[in-house]
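Since the structure comes first, as structure tokens, the remarks are kept for the end.
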Amino acid sequence: MKRIDAIYHVKGEAEYVDDLPLPAEILYAAVFASPVAHGKIISLDIKDALALEGIVTVFTTEDIPESSQWGTIIADCPLLAKDEVQYIGQPIAVVVGHTRAIAQKATKLIRLEVEELPIIVDPRDAFSRGQIIGTPRTFVLGDVDSAWEECDLIVEGNCKIGGQEHLYLETQRSRVIPLEGNNLRIYSATQNPTLTQKTIAQMLGLPCHAVEVDVKRLGGGFGGKEEQATHWAALAALAAWHLRKPVELVLSRSEDLTMTGKRHPYSSDFKIGVTNEGKIIAYEVKHYQNAGAYADLSTAVLERTLFHSTNAYFIPNTRIFGVSCRTNLPPNTAMRGFGGPQAMFVIESAIAKVAETLGIPREEIQQKNLLRPGNRFPYGQEIQTDSLRRTWLEAEQTYNLTAIRDRINHYNASHFETKKGYAVMPICFGISFTATFLNQASALVHVYPDGSVSVTTGGVEMGQGLSTKIAAIAAKAFGIRLQRIKIESTNTTRIANMSASAASVTTDLNGNATIRAIVQILDRLIALAAKELGVKDGENIAIAKEKIVYAGKETDLTWEHLAKAANLARINLSAHAFYATPGLGFDRDREKGHPFAYHVCGTAIVEITLDCLRGTYEIDAVKIVHDLGRSVNELVDRGQVEGGLAQGLGWMTIEDLQFNEKGELKSNNLANYKIPDIYFMPDIIDIKFLENDGNSPAPYGSKAVGEPPFMYGIGVFFAIRQAMKAFKPEMEFAFTSPLTPERVLCELYTDQLKEIA
Ligand code: MTE
Ligand code: HPA
Ligand code: MOS
């Protein structure tokens, strides 16, 4: 089954915010942002901007009637800067004009006088100066301090991990329509309609019901629109509310790149102790997260870093420390994996260092320490599934790891200028929002008398295929054709109190709510069918392939007939239902609990060829065994595995996010920020799905898929590193990402570079 909206995409009909027909009198907003990373605002002169023909007005923080600060976890972020600025790209004023071009032009005429203040861009600097957000966290299992004595080998090291730009195709945008009274309708490219509703209501002093947020689909979010879409919708709403005119705000690509936060860079220290056989006895890690200037979701991202600090391994003695550090960069935010990837990179680095020291293959240590069902994570939960080991063994066998190893060793022994490398990358990712209360969703289902069906959920389609999966679930639950199902826009008047579409759980939560709504309607329809069939045992009635089935036998009654008859019999053909994941809880005082409904696991093998004279490399193959449970749509899920892998490979290799010492983004366009393209991707991508018992609480035994495959990409770093080691076995290489060709070259020729210098 294809994506249900593929045809609209192909024909260019698919609706995004600024594809909707233009309302009369629409105005365009543009943002004037701080040119310095830290400073006191002395004066702001908007005269010239106001005087420009075609400009309607300029709004500043003075024009915000009620709440001028926002943020889900800590409301510390000003909608428009007031007395100080904290990062380059921080919004200070909103210019409104008759065209987008004129509004953007007018922003260049605003004069800002600032007294520049010293800035911090490095998280460790921030930490040493006490610039932290929230409180530092520590997870403990066993007794690390005394466990070091049992270790035959202890190694230490540190990692510097780069950030990552979301690079959704559709930049941040919103269109706001003022309605009667004080009411507003917001069309926004947001993963989080309820947050947008709440923030705008608070900003304007309105009740939530006055603010309707509608989202048809996003041109990608990747976490970048979980929190940060809100800001732009709020600024457009501020203008529309004052002017009583429709207002649209669209960030250009360069504005989007400079004004929005990204994946968090981390700086981490590790210490790991093992036996001579490679059994990990103790692990200690300290994560310094570069949070940027405001809280955003940083503390939640940090929490997930703590949860995933031991990745797919059981380590009996661990101490995991993490702290969010405030710097003068755009506030960093959710991005695919949500702090998990950074954590996994560090433990994989620690294992690499042990393997290099012991002179044994990395995968020997990895395999020896893989989690087994019943093992406890440092946060107290036990892992239930055995799919981790199953994916490992299956990857090892199906892709013949021994042959890969032999082939690569043989190649390296007989080649000088080029070397090959491989790495095995197991993943284990916790499924559920780590903030327990967010694990809730609802759905609204209508059946029309012609048998067609309308489904609204609290989930947002962002390209991940949610609509297709919800439609498949609805068709299966009703026992009818998929073509009967329409997935509606996501709208705060139809579904209230949504959680963000995030944490890979959108189908899990909203799909389960959809099934519950459908069960209500089915119960009523089956009672009617029983009456029509003249039988008493309704439990023997089902609907399959649009036919009413009684005691396993198809009857003459059809779905279409039943829908029509129910309407005539005055039976309610609509239902709303709610789902909250059962069994979750986490005690932040003890740092123990059961934060996840389940874990998604898999294993990848990455192979590369390195040109040791040029530093360039090719990714030859990525071979994956992944656990989807019983997929509701394997094609969509395969797309998620491939897409996540691509993004993960890019993060580790060529996506080089560069800020200079002034806090200025240097990689500020697509000529100097490179993402993987079709040529960069490996020629061979083999993906096998684990045959599973489907033991998961997600709809029909499926499993979440959005984020976990991202982390397969981490393998490429260690594959390249292995090739570097094959070329210069005596050298020590850094655990610094991304491992761009430039960095590879500089590391391989450090001595020569020193000589030249
Ligand atoms: N896939 C596409 N095409 N576009 C996206 O924006 N976001 C990713 C992932 N896959 C994203 C995507 C992220 S960060 C998450 S959390 C999940 O999709 C969210 O959707 P889900 O909960 O339905 O998996
Ligand atoms: N993942 C993604 N987004 C979130 C989470 C999470 O665990 N918690 C809060 N927002
Ligand atoms: Mo995804 S980072 O949880 O939007």
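In the range 200-308, which helices (runs of 4 or more DSSP H) lie fully inside it and hold 1 or more residues that are at positive phi and either at pLDDT 95 or above or more than 16 Å from ligand 3 (Cβ to nearest atom) (or both)?
none
Tyr313 fails exactly one of the following numbered conditions: (1) free of Cβ contacts under 8 Å to residues at least 60 places away in the same chain; (2) closer than 20 Å to Trp651 by Cα; (3) of a type outside the set (A, V, I, L, M, F, W, C). What is the number of that condition?
Every listed condition holds for Tyr313 apart from (2).
From the residues in the range 219-259 that are among the β-branched types (Val, Ile, Thr) and more than 23 Å from Glu25 (Cβ to Cβ), which one is farthest from ligand 2 (Cβ to nearest atom)?
The selected residue is Thr258.
Among the candidates Lys279, Lys286, Lys271, which residue alone is in contact (Cβ under 8 Å) with a residue 12 or more places away in the chain, surrounded by fewer than 23 Cβ atoms within 10 Å (Cβ to Cβ), of a type in the set (Lys, Arg) and under 30 Å from Arg390 (Cβ atoms)?
Lys279
Please determine whether any residue of the range 713-720 is surrounded by fewer than 16 Cβ atoms within 10 Å (Cβ to Cβ) and over 21 Å from the mean Cα position of the chain (by Cα).
The answer is no; no qualifying residue exists.
Collect the residues in the range 409-468 that are touching a Leu at 6+ places or on another chain (Cβ under 6 Å) and away from ligand 1 (no atom under 16 Å from the Cβ), keeping them in residue-number order.
Those that are touching a Leu at 6+ places or on another chain (Cβ under 6 Å) and away from ligand 1 (no atom under 16 Å from the Cβ): Glu417, Lys419, Cys428, Thr436, Val447.
Please find, among Asp611, Asp587, the residue that is farther than 30 Å from Asp637 by Cβ, surrounded by fewer than 19 Cβ atoms within 10 Å (Cβ to Cβ) and under 27 Å from the mean Cα position of the chain (by Cα).
Sole residue among the options that is farther than 30 Å from Asp637 by Cβ, surrounded by fewer than 19 Cβ atoms within 10 Å (Cβ to Cβ) and under 27 Å from the mean Cα position of the chain (by Cα): Asp587.
Could you say whether any residue in the range 176-193 is in contact (Cβ under 8 Å) with a residue 60 or more places away in the chain, assigned to a helix (DSSP H, G or I) and within 16 Å of ligand 3 (Cβ to nearest atom)?
Looking for residues that are in contact (Cβ under 8 Å) with a residue 60 or more places away in the chain, assigned to a helix (DSSP H, G or I) and within 16 Å of ligand 3 (Cβ to nearest atom), one finds at least one in the range 176-193, hence yes.
Using the structure shown, decide if Thr194 is within 19 Å of the chain's Cα centre (by Cα), hydroxyl-bearing (Ser, Thr, Tyr) and over 27 Å from Ile102 (Cα atoms).
In short, yes.
Does Gln342 qualify as being modelled with pLDDT under 95, under 25 Å from the mean Cα position of the chain (by Cα) and either within 30 Å of Thr72 (Cα to Cα) or not hydroxyl-bearing (Ser, Thr, Tyr) (or both)?
Here the answer is no, as Gln342 does not meet what is asked.
Look through Asn412, Asn439 and report the one residue that is within 27 Å of Ala723 (Cβ to Cβ) and at pLDDT 95 or above.
Asn412
Among the residues of the range 565-611, what is the count of those that are aliphatic (A, V, I, L, M) and part of a loop (DSSP other than H, G, I, E, B)?
Of the residues in that region, 5 qualify.
More than 13 Å from ligand 1 (Cβ to nearest atom) and not assigned by TED's automatic domain parsing to the domain that holds Pro708: which single residue out of Ile521, Ile473 fits that description?
Going through Ile521, Ile473 in turn, just one is more than 13 Å from ligand 1 (Cβ to nearest atom) and not assigned by TED's automatic domain parsing to the domain that holds Pro708: Ile521.
Restricting attention to the range 156-173, which residues are in contact with a Ser or Thr (Cβ under 7 Å, 6 or more places away or on another chain), under 26 Å from Gly643 (Cα atoms) and not in a loop (DSSP other than H, G, I, E, B)?
Within the range 156-173, Cys159, Lys160, Ile161 meet the criteria.
Of all residues in the range 205-240, how many are among the charged types (D, E, K, R) and away from ligand 1 (no atom under 16 Å from the Cβ)?
Residues meeting the conditions: 2.
For the range 468-518, which positions are of a type outside the set (Lys, Arg), more than 16 Å from ligand 2 (Cβ to nearest atom) and either more than 30 Å from Ala542 (Cβ to Cβ) or part of a loop (DSSP other than H, G, I, E, B) (or both)?
Gly479, Ile480, Glu488, Ser489, Thr490, Asn491, Thr492, Thr493, Ile495, Ala496
Looking only at the range 691-712, which residues are farther than 18 Å from Lys476 by Cα, in a loop (DSSP other than H, G, I, E, B) and modelled with pLDDT of 95 or more?
The answer is Ala704, Val705, Gly706, Glu707.
So which of Arg137, Arg124 is in a strand (DSSP E or B) and more than 23 Å from Thr60 (Cβ to Cβ)?
Every option except Arg137 fails the conditions.
Of everything in the range 400-443, what is crowded, with 22+ Cβ neighbours inside 10 Å, farther than 30 Å from His576 by Cβ and not basic (Lys, Arg)? Give them in sequence order.
Ile408, Gly421, Tyr422, Ala423, Val424, Met425, Pro426, Ile427, Cys428, Phe429
Does Asp677 satisfy being of a type outside the set (Phe, Trp, Tyr) and surrounded by 18 or more Cβ atoms within 10 Å (Cβ to Cβ)?
Spelling it out, it is not the case that Asp677 is of a type outside the set (Phe, Trp, Tyr) and surrounded by 18 or more Cβ atoms within 10 Å (Cβ to Cβ).
Does the range 79-91 include one or more residues that are in a helix (DSSP H, G or I) and either more than 30 Å from the chain's Cα centre (by Cα) or at pLDDT 95 or above (or both)?
For the range 79-91, residues in a helix (DSSP H, G or I) and either more than 30 Å from the chain's Cα centre (by Cα) or at pLDDT 95 or above (or both): absent.
Does Val250 qualify as being surrounded by fewer than 24 Cβ atoms within 10 Å (Cβ to Cβ), among the β-branched types (Val, Ile, Thr) and closer than 24 Å to Ala502 by Cα?
So Val250 fits the description; yes.
Quick grid of which residues meet (1) surrounded by fewer than 23 Cβ atoms within 10 Å (Cβ to Cβ); (2) in contact with a Phe, Trp or Tyr (Cβ under 9 Å, 6 or more places away or on another chain); (3) among the small types (Gly, Ala, Ser):
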residue	(1), (2), (3)
Glu560	yes, no, no
Ala566	yes, no, yes
Leu573	yes, yes, no
His576	yes, no, no
Lys592	yes, yes, no
Gly602	no, yes, yes
Leu628	no, yes, no
Glu634	yes, yes, no
Asp637	no, yes, no
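Applying the selection to the range 148-198, what residues are among the aromatic types (Phe, Trp, Tyr) and surrounded by fewer than 24 Cβ atoms within 10 Å (Cβ to Cβ)?
Result: Trp148, Tyr168.
Pairs needed: first member in the range 517-539, without any contact (Cβ under 8 Å) to a residue 60 or more places away in the chain and more than 16 Å from Ala563 (Cβ to Cβ); second member anywhere, assigned to a helix (DSSP H, G or I) and β-branched (Val, Ile, Thr); C-beta distance under 7 Å; at least 6 residues apart or different chains.
Pairs found: Gly538/Ile526.
Please state which one of Phe139, Phe127 is touching a Pro at 6+ places or on another chain (Cβ under 6 Å) and modelled with pLDDT of 95 or more.
Phe139
The values are calculated or read from the model by the stated rules, or taken from the named source; none is laboratory data. Just so you know, these numbers come straight off a predicted model, no measurement behind them. Heads up, the Cβs are rebuilt from the backbone with ideal geometry, glycines too, and the neighbour counts pull from every protein chain shown.
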